[in-house]
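Contents: one structure, followed by commentary.
We did not get these values from a lab; they are worked out from the coordinates using the rules stated. Everything quoted here is computed from the prediction, not taken from an experiment. Neighbour counts run over all protein chains shown; Cβ positions are idealised from the backbone, glycine included.
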Amino acid sequence: MIALFDTHAHIDDEQFDPDREEVIARAAAAEVNYILCAGADMESSARAVALSEVHSNVYASVGVHPHDAKAVSEADYLRLAEWAALPKVVAIGEIGLDYYYDLSPREIQQMVFCRQLDVARQTGKPFIIHDRDAHGDIMEIVRKQAQGLPGVFHCFSGSWEMAKELLKMDYYLAIGGPVTFKKAAKVQKVAAQIPLDRLLVETDCPYLTPHPHRGHRNEPAYVRLVAEEIARLRNISLGELAAATTANAKRLFGIE
């Protein structure tokens, strides 16, 4: 018997409206015993909190994705802190920078990212970082603003050199569906070398569906495919990989 933890899912997404209960049941059948529903704006954070309150195996994080940084108000930071006091809200995120789409001005993204790191510090919660095409600025902000804070870089896409620097700062790195793609040599190298006590697995569903379901909606049950591929890359059993990554997630998120 194994127990997997999908540490980053968006099961509040409207794509799951027709069959959300079945999706959660399929995850359990695939031995995915824990799901973290990650907030990406104030509305999705509220939905994540609500789902965590009605499903014993679902936890929530609250935060505003860089895409929506331009819409954040002062009241939103207070609301995030209020949510963070709830027992099943285990992190602030996903937060960070996204220079691929640039849907919010970069200086606004940076300011909102720093303010949400402040919320993490005030509430004693770890952070979940979104980083797309912004490695340099992310690293600079984390070095200056996040010292002493626990956190995870979700769907890690950086180099092994960047990974080594983050590992020196005691951060966790989460690997998702792209590790199963044929042309994913960089992420496969990182997944094979991360110390086992710093590794998390995730889906980022409904996005980034792993092989062989690529092109279809992703869901938490498929984190098993991610874990199987990483176990293969590391030449260890799925059971060993699952035990380590689930223990890591529980430690990071303060789950008994």
- Query: Taking only DSSP H segments of four or more residues, each worth -39500 (n - 2.57), what value at 222 nm results for the chain once the sum is divided by all its residues, to the nearest 500 deg cm²/dmol?
  - Reply: -13000 deg cm²/dmol
- First obtain the Kirkwood hydrodynamic radius of the chain from its Cα pairs, then insert it into the Stokes-Einstein equation at 4 °C and 1.567 mPa s, and state the resulting D in µm² per second as a whole number. 73 µm²/s
- Mind checking which of His65, His213, His130 has the largest fluctuation in a GNM of the chain, springs on alpha carbons under 10 Å? His213
- Message: If you average the alpha carbon positions of region 42-57 and of region 228-254, how far apart do those two centres end up, in angstrom?
- Response: 25 Å
- Highest mean first, what order results for 3-11, 170-178, 83-91, 228-236 on Cβ atoms within 10 Å? 3-11, 170-178, 83-91, 228-236
- Task: Mind checking which aspartates and glutamates have their Cα closer than 19 Å to the Cα of Lys250? Skip sequence neighbours fewer than 8 apart in that chain.
- Result: Asp6, Glu31, Glu53, Glu94, Asp170, Asp197, Glu202, Asp204, Glu240
- Item | Footprinting exposure proxy for Phe113, Phe153, Phe16 (fewest neighbouring C-beta atoms within 10 Å first) | Phe16, Phe153, Phe113
- In what sequence do Cys114, Cys37, Cys155 fall when counting other Cβ within 10 Å, fewest first? Cys114, Cys155, Cys37
- Between Met1 and His55, what FRET efficiency follows from the Cβ-Cβ distance if R0 is 22 Å, with the result rounded to 0.05? 0.60
- Order these peptides, 69-76, 201-208, by their mean beta-carbon neighbour count within 10 angstrom, highest first. 201-208, 69-76
- Item | Residues Ser45, Ser237, Ser157, Ser104 arranged by fewest to most Cβ contacts within 10 Å | Ser237, Ser157, Ser104, Ser45
- Message: Which residue fluctuates most in the GNM of the chain (Cα springs below 10 Å): Pro150, Pro210, Pro105?
- Response: Pro105
- Message: Explain nothing, just compute: Karplus ³J(HN,Hα) = 6.51 cos²θ - 1.76 cosθ + 1.60, θ = phi - 60°, for every residue of region 28-44 in order, whole Hz, x for Gly and Pro.
- Response: 4, 5, 8, 6, 8, 8, 9, 10, 9, 8, 8, x, 10, 7, 5, 5, 5
- Pop out the Kirkwood hydrodynamic radius of region 146-256 from its pairwise C-alpha distances, inverse of mean 1/r, in Å to one decimal. 14.0 Å
- In nm, to one decimal, how far is the Lys70 label point from the Glu140 one, both placed 7 Å along Cα→Cβ? 2.2 nm
